[in-house]
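Notes follow the structure.
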Amino acid sequence: MYAKGFDTQTLETIRKWVSDAHRIVLLSHMNADGDACGSLLGLLLQLDRCATEAVSIIPVLPNGCPRNFTWLPASDRILNGDTQRTLCEQAIDEADLLICLDFSQANRIDFLQEALLRSKAHKLLIDHHHSPATEQFDVIVSDPDISSTCELVAWLSQALWNCRYMHREAAQCLYAGLNTDTGGFAFSCDQPSCFEAAAYLVGYDIYPAEIHNQIINTFSVNRMRFYGFALSERLYIYPEQRTALFHFSLADQQRFGVSGEDMEGLINYTLMIHDIEVGALVREEVGRTKVSLRAKYDVDVNLLARQLGGGGHTKAAGATCYMTYAETLDAVGKLLGINDKTPLPQ
Ligand code: 5GP
Ligand code: MN
C-alpha cells in the first residue's frame, strides 16, 4: 500500500475535474521513456473506464511514442507533436482538463509548453521529480521518493475511483513504466510500495516476463551492432575520476541507422564497470545535444544536470543543451572534471 496516501481535498478536486470535464488532454515529456508512455496510457485506459462516457481523452507526446513502446496498448491513440503539431495545440487549447505526467517543468514538453502555459484548463501534475514548478499547475500530486510516475498513477487511480478492478491493459502499461524506471527493480525501489504496486498490477492477469521481453529482448540487429561499436570505440573511461563517458556524433548514429530511442539503457553499461561511479552519455541531435547522467552511489547527478539547464533524479538525470556537440562535450567534461585528463586507451 502507498503509506503516504493522498490528501482528501486533492482527491475530491480531481474527481470533480474529471467528472465535469468534456475534453481531457494527457501530456508527457519529450523523448518519452517507459514511465512517460506507461503512465500516459495507463491513466488513459483507467479514465476510459472511470470518466463519464461523453468525455474525449487525448494523449499527447511532443515527439511521439518511441518505437520500442508502440507495443503498449492504446499507443495508436497518441498524438505526436512533431507530425501533428496543429492537432496537438488545438487539443490543448480546447481542453478543460490537462493532466501532465512524469515531468515537473513545462519546458520538458518543448514547443508545446506555450500551449500548456496559456491554457485556461485545470492543470493537474502527477510526477516524481524534485522541485515541481508550482506556478505552472493548479494541483500537484508529486512524490520524489516513489519509484515512478506509473506507481503513483496506480495508487492514485485506486484512491480516486476505488477501482478494485483495474483495466488489464492499464496494468500492463503501468507495470512497464514501473519496470523501466527502476531498471528492472534494481534502483529507485527502496520503498516497499514499489513491490506492492508490482504485486497489485500483476494481480490483473499480466505477465512480467512477456513485458520484459517486449522492453528488453527486441533489439534490431543494427542496434546490437551499434552497442558493440559504442562499447569498443566510443566509451571513454577515466578510472581516477571514477567516470565513464559515451559520446556519439550524428555521423556515428547515421552509420548504424540508430537514434536516441535505440540508446535507451546503453548508459547503464558505464556503471557496470568496477569502481566507476558516474556515467555520462552525450548524443548529438539536429540543433541540440542531449546529455544523460547516472550515478552509482553518492554523487547527485541531478545537481550536475541542473548546471546544464536540465534536471531529474539523484541517480538518473539529463539535460537538453542548445549548444553544438563540441560545446556540450566541453561543458560536460568541465562538470565531470575530465577535460584535461587522458582516458584509458581504447
Ligand atoms: P535520460 O538520461 O534517460 O534521458 O533521463 C533520465 C532522467 O533525467 C529523466 O527521467 C528525467 O528526469 C531527466 N531528464 C532527462 N532529460 C532531461 C531534460 O532535457 N531536462 C530535464 N529537466 N530533465 C531531463
Ligand atoms: Mn519517471
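The values are calculated or read from the model by the stated rules, or taken from the named source; none is laboratory data. Given the structure is predicted, the values throughout are model-derived calculations rather than measurements. FYI the Cβ positions are ideal-geometry reconstructions off the backbone, even for glycines, and counts take in every protein chain you see. Quick note on the areas: whole protein, heavy atoms, side chains included, nothing else; ligands and nucleic acids left out. Shrake-Rupley method; radii C 1.70, N 1.55, O 1.52, S 1.80 Å.
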* Inspect the stretch 264-283 for any residue being farther than 21 Å from ASN68 by Cβ, in contact with a helix residue (DSSP H, G or I) (Cβ under 9 Å, 6 or more places away or on another chain) and within 16 Å of ligand 2 (Cβ to nearest atom) and give the result as yes or no. => no
* Can you name every residue in the stretch 32-63 that is within 19 Å of VAL153 (Cβ to Cβ) and outside any helix (DSSP H, G or I)? -> ALA32, ASP33, ALA51, VAL55, ILE57, ILE58, PRO59, VAL60, LEU61
* Structure fact -> When every residue in the stretch 32-54 that is more than 14 Å from ligand 2 (Cβ to nearest atom) and open to solvent by 20 Å² or more (accessible area, probe 1.4 Å) is compared, the one nearest to the chain's Cα centre (by Cα) is ASP48
* Asked: Inside the stretch 257-286, can you point out the residues that are within 11 Å of ligand 1 (Cβ to nearest atom), over 20 Å from CYS321 (Cβ atoms) and open to solvent by less than 50 Å² (accessible area, probe 1.4 Å)?
  -> GLY265
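How about the stretch 297-314: which of its residues are surrounded by fewer than 20 Cβ atoms within 10 Å (Cβ to Cβ) and at negative phi?
TYR297, ASP298, VAL299, ASP300, LEU303, ARG306, GLN307, THR314
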* Members of the stretch 19-31 found to be within 24 Å of the chain's Cα centre (by Cα) and not in a strand (DSSP E or B), listed by number -> SER28, HIS29, MET30, ASN31
* Structure fact -> Only unsatisfied item for CYS100, checking (1) farther than 14 Å from ASP127 by Cβ; (2) within 16 Å of ligand 1 (Cβ to nearest atom), is (1)
* Applying the selection to the stretch 291-310, what residues are assigned to a helix (DSSP H, G or I) and within 16 Å of ligand 2 (Cβ to nearest atom)? -> VAL301, ASN302, ALA305
* Of all residues in the stretch 192-223, which are at pLDDT 95 or above, outside any helix (DSSP H, G or I) and within 17 Å of ASP35 (Cβ to Cβ)? -> ILE206
